[in-house]
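Worksheet for the structure shown next.
A short reminder: the numbers here are calculations on the coordinates, not readings from a lab. As the structure is a computational prediction, the values presented were derived from the model and not from experiment. Positions of Cβ are backbone-derived with ideal geometry, glycine not excepted, and every protein chain shown enters the neighbour counts.
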Amino acid sequence: MSRVEHATRSSRIGVALIGVALIVLALAPFWGDRQMLRLLAEVFTFVALASLWNLLAGYAGLVSVGQQAFVGLGGYLLFALVILAGVHPIVAILIAGPIGALVAVPVAALIFRLRGAYFAIGTWVVAEVFRLLASQISVLGGGSGISLPAAMVVAMAPSRQAREFEIYWLALALTAAVLGTIVALLRSRHGLALTAIRDNELAAQSNGIDVTRIKLIVYVLTGFGTAMIGALIFLMKLRISPDTAFSVNDWTAFVIFITVIGGIGRIEGPIVGTIVFFIMRQTLADLGSLYLLIMGAVAIVVMLWAPKGLWGLIAERFGWQALPLQRRLVLAPKTEEPGERS
Amino acid sequence: MAPILALENISKRFGAVVVADGIGLALAEGEALGIIGPNGAGKTTLFGIATGTVAPDAGRVIFAGQDITRLPPERCCRLGLARSFQVPQPFSGMTVFENVVVAAAFATGASEASVYEPCADLLDRCGLMAKANQRAGGLTLLDRKRLELARALATKPRVLLLDEVAGGLTEHECAVLVRLIKDVRAGGVSIIWIEHVVHALLAAVDRLLVLHGGKFIADGDPRTVIRSPQVAEIYMGIAADA
């Protein structure tokens, strides 16, 4: 009899470290100041956005440069639900998810006809259409945008500090939920198919995997998560406009940068990438536009020197996996050779 | 008896190049059939057409009485039509074991856990057990070819299409491979084998076809076909040009 294990020594260490990190981060309101909480919450949203984009592009091979469509959609849904329907902001974030998934279905029907570069451009066009539509909604400020009414923000929690804690924990919980869902997905049967598609689409098809169906599932799921994170981002910003909500720079270019330098097609990649991105941003932001030049140079160097990203480099050299995704065949000693165990 | 796999009047051209010109082919259940032909004769394209990765310009593909001409590759695979690729196409980031598990689970619809045991046995049969937990991308060419075969077998095929699995193998490795293929066939799988390593082919097939210029120009007993003047002309002609 042979057994199959998911965990390796590195993944046991990885899971333990992630567990400790989660506890430390959950306690951040007690050890960090306001700036720290705000920064961490922003880091979380980028980890989530990049992880979702990684699932889409890194695993399913759907290189979208239009995920800002769903970030903006989520943001606008939050404002619409809170301002027009008086829904509690947290409830509005939860509603943004299913609506994001719902919107992803007809969008997919349209753009799945396109392949490769045409698909990428198609997603961007869709996002621009969304931006133009948003600027037509005059009750939400039209082209110039709108702020979340102070009364509704204040009503969220008894004090300003409580509200800030609430939003921080919400960001942490949502990001953990996004990552947890992705890990669960990758460990499932669909994950097996998805990893196969990542590695070789032709072989995946020829081995009985319905590639289009899996891609559609991933696209819709990503729409769900991205819209929720989008709503969260604009709850933190308290102001929305078509240009900020559907910004290709903020919600796609930076996200691609993060995923590519961290390691595309690996679940750990976006986390590593986000850390690198924020370290660079915090240390280089004073340099003005030079900071973007340096970031571009870093991206080029990483792509040339480590095309599988920083985590890809480490994982291949040491055979590490931070999360137990692999299925390893463990050979039990054969029955006729009892006691032969190393 | 109706053939298990039949190509009827298949035509395909890529631009001005005709790779199939009204090809007909019938594989009987349990038969092992070999195809030879010069490079670029359209052998691999024929497999692509049979398994749904290449759409023919005309003609039909019939598998077990069902028209599968327009069926996507994953459906062909699930019906029991497996294919190995000439250039191995492993899931390079996954382990050897995972590669086989993917094929076994998705081709048959079986649950993942239920295929672990048969997949381990299969790796053993194909000489890959020691490398079960290695990344497939790091394998040598020989092991990639073994994996290609193991993965095709994991789909539990009724018909197995082998595309140059013996190329680059040593004499001994080749003999092991031929034994494995004969073994698979003895298990009731019908086989079409495209191969340049003619002696390996002759050891395993009962009928040999020669593809040239988009047509089969010879069909019959392997040893007779290989000595036929048409075959001599094609291969000698090519040798003279080179």
Using the Kirkwood radius built from alpha carbon pairs, what does the Stokes-Einstein equation give as D for chain A at 20 °C and 1.002 mPa s, in µm² per second?
101 µm²/s
J(HN,Hα) series, segment B:7-19, from Karplus relation 6.51 cos²θ - 1.76 cosθ + 1.60, nearest Hz, glycine and proline x
9, 10, 6, 6, 10, 7, 10, 10, x, 8, 8, 8, 9
Compute the Kirkwood hydrodynamic radius of segment B:94-200, taking the inverse of the mean of 1/r over all pairs of distinct Cα atoms, and give it in Å to one decimal.
14.0 Å
Taking a crude spin-label model, label points 7 Å out from Cα along the C-beta direction, the A:V91 to A:L284 distance in nm is 4.5 nm
Extent of segment B:154-217 along each principal axis, from alpha carbon coordinates, in Å, largest to smallest?
33, 29, 19
What is the Cα convex hull volume of segment A:107-213 when expressed per residue in Å³?
159 Å³
May I ask for the net charge around B:G127, where only other residues with Cβ less than 12 Å from the Cβ of B:G127 are counted and Lys, Arg are +1 while Asp, Glu are -1?
+2
In degrees, nearest 10, the alpha-carbon axis of helix A:211-237 is tilted away from the dominant principal axis of the alpha carbons of chain A by 40 degrees
Paired Rg and Dmax values of segment A:64-162, which use every Cα atom, in angstrom:
15.8, 51
Would you kindly calculate the translational diffusion coefficient of segment B:91-156, applying Stokes-Einstein with the Kirkwood radius from alpha carbon pairs, for 37 °C and a viscosity of 0.692 mPa s, and quote it in µm² s⁻¹ without decimals?
291 µm²/s
Aspartates and glutamates within cross-link reach of B:K145: Cα-Cα under 14 Å, excluding same-chain residues under 8 positions apart?
B:D163, B:E164, B:E173, B:E195
Average other protein chain Cβ within 10 Å of Cβ, residues B:121-134
2
Evaluate the relative contact order of chain A (contact order divided by residue number), counting alpha-carbon pairs under 8 angstrom at least 6 apart; express in whole percent.
35 percent
Binned at 10 Å from 0, what are the whole-percent values of the Cα-Cα distance distribution for chain B, short to long?
8, 32, 37, 20, 4, 0
Cα-based equivalent ellipsoid of segment B:1-97: semi-axis lengths in Å, sorted from largest, via gyration tensor:
22, 19, 14
Across the residues of B:94-104, average count of Cβ atoms on other protein chains within 10 Å?
6
For A:190-197, mean number of other protein chain Cβ atoms within 10 Å
4
What does the net charge come to around A:V154 if you take all other residues with beta carbon closer than 14 Å to its beta carbon, with K and R at +1 and D and E at -1?
0
Given the C-alpha atoms of the protein assembly as shown, compute the convex hull and give its volume per residue in Å³.
192 Å³
Which value, in Å³ per residue, describes the convex hull spanned by the Cα atoms of segment B:72-120?
89 Å³
Taking the 0 to 90 degree range and rounding to the nearest ten, how far is the long axis of helix B:96-108 tilted relative to the main principal axis of chain B, both from C-alpha atoms?
70 degrees
Could the peptides B:67-73, B:27-33 be put in order, highest first, of the mean number of other beta-carbon atoms found within 10 Å of their residues?
B:27-33, B:67-73
Between beta-carbons, use under 12 Å as the cut-off and find the net charge around A:L202, counting Lys and Arg +1, Asp and Glu -1.
-2
